[in-house]
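Read the structure below first, then the notes.
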Amino acid sequence: MTNPSDEITVEQLLARIDRQEPVLLLDVRNEEEYGQWKIEGRQPVASTHVPYFDFVEDEIAATAKVPPHDGELIVVCAKGGSSAMVAEILRGSGRPAKNLDGGMIAYGEYLQPVDVPLDGADTGRFRLWQINRRGKGCLSYVIVSAGEAAVIDPSRNISVYERIAAGDKARISRVLETHVHADHVSGGPQLAALHGATYAVDPGADFELKLRADPLGDGERIDLGHVTIEVLHTPGHTPGSTCYLVSGRYLISGDTVFTNSVGRPDLGGHAADWARLLYRTLSEKLRSLPPETRVLPAHYAGVSEIGPDGVVSARLGDLRARLPEFRASSEQDFVDAMVRSVRTPPESYASIIRTNLGAAHPEAARMTEWELGKNECAAHPQH
Amino acid sequence: MRKLDVRGAKCPMPIVKAKKEIDQMKPGEQLEVVSTDPGSLPDFRGWAQTAKTAILKEQRTESDPGGQEIYIHILERK
């Protein structure tokens with residue numbers, strides 16, 4: 001039987017890697033899965049690959065393939081079953097090894113809350129949490145002020161949002177989406193229903209929403225305790241894309257702008273039309289905001305985008321200077337560049353969109369399968 | 001042909017059981033493994049590359065009468 005000390009959770013593992021404690025990851029998935037998606041920490045992590053079926057075939061030969069190392073040996077597979085077997089084989093041959101509980105599925109679902117440091121004038125008026133889904137590079141948010149909480153872009157595992165609201169003694173009164181997501185199934189409708197909160201998502205003209213939502217107008221102001229959230233319509237990544245400007249300073253930007261790219265406009269099959277909308281959003285609406293506006297996106301592509309304070313964010317002024325998407329010479333050039341960058345989205349994205357529109361109700365195992373791997377929502381994943 | 005039903009079993013069990021079965025068979029004998037785990041397709045291919053006693057002859061995906069996808073692997077004892 002498994003001893004609890006033979007297991008390590010994703011939270012414990014990431015904390016060790018982030019603190020630069022020596023760890024060797026032994027990934028025992030097949031080559032295909034290992035090539036597609038791996039565990040990343042904020043510090044580089046040593047990793048090696050010996051598939052579990054090599055251990056089934058010949059324990060001694062496979063054990064000999066695991067290189068000598070400093071620190072702890074952590075075995076990883078897709079769901080935590082094969083890695084538990086391999087860890088046991090290794091321990092049996094005198095090599096202390098721990099199993100990553102729940103494997104890559106747990107890694108992909110783990111949510112890490114980060115308390116965003118606020119400007120002096122905002123401190124004490126509200127709290128802003130960035131919830132980092134490390135395995136997928138997805139970010140969601142909780143804003144708390146005077147006993148009220150708004151949750152933006154929640155993942156399917158909603159308990160973390162409930163824990164944060166409870167910890168800050170707040171009632172979840174609003175659930176807001178920045179857009180209809182394609183890379184992960186939203187926990188929004190369920191979270192809103194359970195807490196009697198209003199639910200806002202704008203499907204735009206190209207999608208038909210099959211669930212109940214209260215639309216928010218461009219420029220509308222939401223009062224949440226002592227803080228105001230301004231609604232900004234920012235079509236482009238999707239025609240219904242919306243940003244939320246918190247206290248005039250923090251732009252929850254969804255997939256409109258990231259810290260190293262902008263949102264790809266081709267996920268609905270109308271790349272040129274949506275790219276035109278995105279150009280106008282970037283060149284008009286996001287031009288008009290002050291340069292010191294702090295952009296807090298819904299995704300990131302690599303751990304290098306996580307700042308020293310643990311937050312993924314950037315100054316809007318810096319992004320306008322740095323990202324080529326803000327410096328297109330004309331609307332047509334921008335649209336042409338976006339259309340050229342179109343690449344096939346993961347197969348599951350169409351099913352996830354249907355689910356988030358309320359048009360499909362798949363079982364949990366299906367959704368878990370669809371959400372495997374990192375998000376692919378940026379126009380140019382790497383600059 | 002021998003049959004091994006590992007429907008519902010999660011990895012590593014399909015390959016652990018297939019190896020056990022294969023090792024008891026005579027050279028040239030075949031084994032049909034039926035799995036419900038889509039990951040069994042690349043895993044059986046990977047295992048067969050180094051397996052000392054098994055050759056992977058064929059893999060196919062079918063739907064069972066309930067509409068569930070099943071993955072069939074035909075192995076031969078070396």
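Below are the figures for this structure:
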item	result
Criterion: closer than 28 Å to A:Pro117 by Cβ, open to solvent by 30 Å² or more (accessible area, probe 1.4 Å), not in a strand (DSSP E or B) and not small (Gly, Ala, Ser) - qualifying residue of A:Arg287, A:Arg276	A:Arg287
Residue satisfying condition, being outside any strand (DSSP E or B), open to solvent by 50 Å² or more (accessible area, probe 1.4 Å) and either out of contact with any Lys or Arg (no Cβ under 6 Å at 6 or more places or on another chain) or within 11 Å of another protein chain (Cβ to nearest Cβ) (or both), within set B:Gly46, B:Gly66	B:Gly66
Residues of the range A:135-158 that turn out to be within 16 Å of the chain's Cα centre (by Cα) and open to solvent by 10 Å² or more (accessible area, probe 1.4 Å), as a count	3
Long-range neighbours under 6 Å by Cβ, at least six apart or interchain, first residue under 15 Å from B:Ile22 (Cα atoms) within the range B:46-69, second open to solvent by 70 Å² or more (accessible area, probe 1.4 Å)	B:Thr53/B:Lys78; B:Ile55/B:Lys78
Listing of strands (runs of 3 or more DSSP E) fully contained in the range A:105-158 that carry 2 or more residues being among the hydroxyl-bearing types (Ser, Thr, Tyr)	A:138-145
Yes/no for A:Ile74 being within 11 Å of another protein chain (Cβ to nearest Cβ) and either in contact (Cβ under 8 Å) with a residue 12 or more places away in the chain or open to solvent by 50 Å² or more (accessible area, probe 1.4 Å) (or both)	no
Test result for A:Gly248, modelled with pLDDT of 95 or more, open to solvent by 20 Å² or more (accessible area, probe 1.4 Å) and either closer than 30 Å to A:Ser159 by Cβ or of a type in the set (Gly, Ala, Ser) (or both)	yes
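Conditions tested, residue by residue: (1) out of contact with any helix residue (DSSP H, G or I) (no Cβ under 8 Å at 6 or more places or on another chain); (2) crowded, with 21+ Cβ neighbours inside 10 Å; (3) within 11 Å of chain B (Cβ to nearest Cβ).
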position: A:Phe53; (1), (2), (3): no, yes, yes
position: A:Ala64; (1), (2), (3): yes, no, no
position: A:Gly81; (1), (2), (3): no, no, yes
position: A:Ala87; (1), (2), (3): no, yes, no
position: A:Glu109; (1), (2), (3): no, no, no
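Quick grid of which residues meet (1) in contact (Cβ under 8 Å) with a residue 12 or more places away in the chain; (2) touching a Ser or Thr at 6+ places or on another chain (Cβ under 9 Å):
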position	(1), (2)
A:Trp274	yes, yes
A:Leu282	yes, yes
A:Lys285	yes, yes
A:Glu292	yes, no
A:Gly307	no, yes
A:Ala321	no, no
A:Gln332	no, no
A:Thr344	no, no
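The values are calculated or read from the model by the stated rules, or taken from the named source; none is laboratory data. Please read all numbers here as calculations on a predicted model, not as lab measurements. Heads up, the Cβs are rebuilt from the backbone with ideal geometry, glycines too, and the neighbour counts pull from every protein chain shown. Accessible surface is based on the protein model in full, side chains and every heavy atom, while ligands, DNA and RNA are left aside. Shrake-Rupley method; radii C 1.70, N 1.55, O 1.52, S 1.80 Å.
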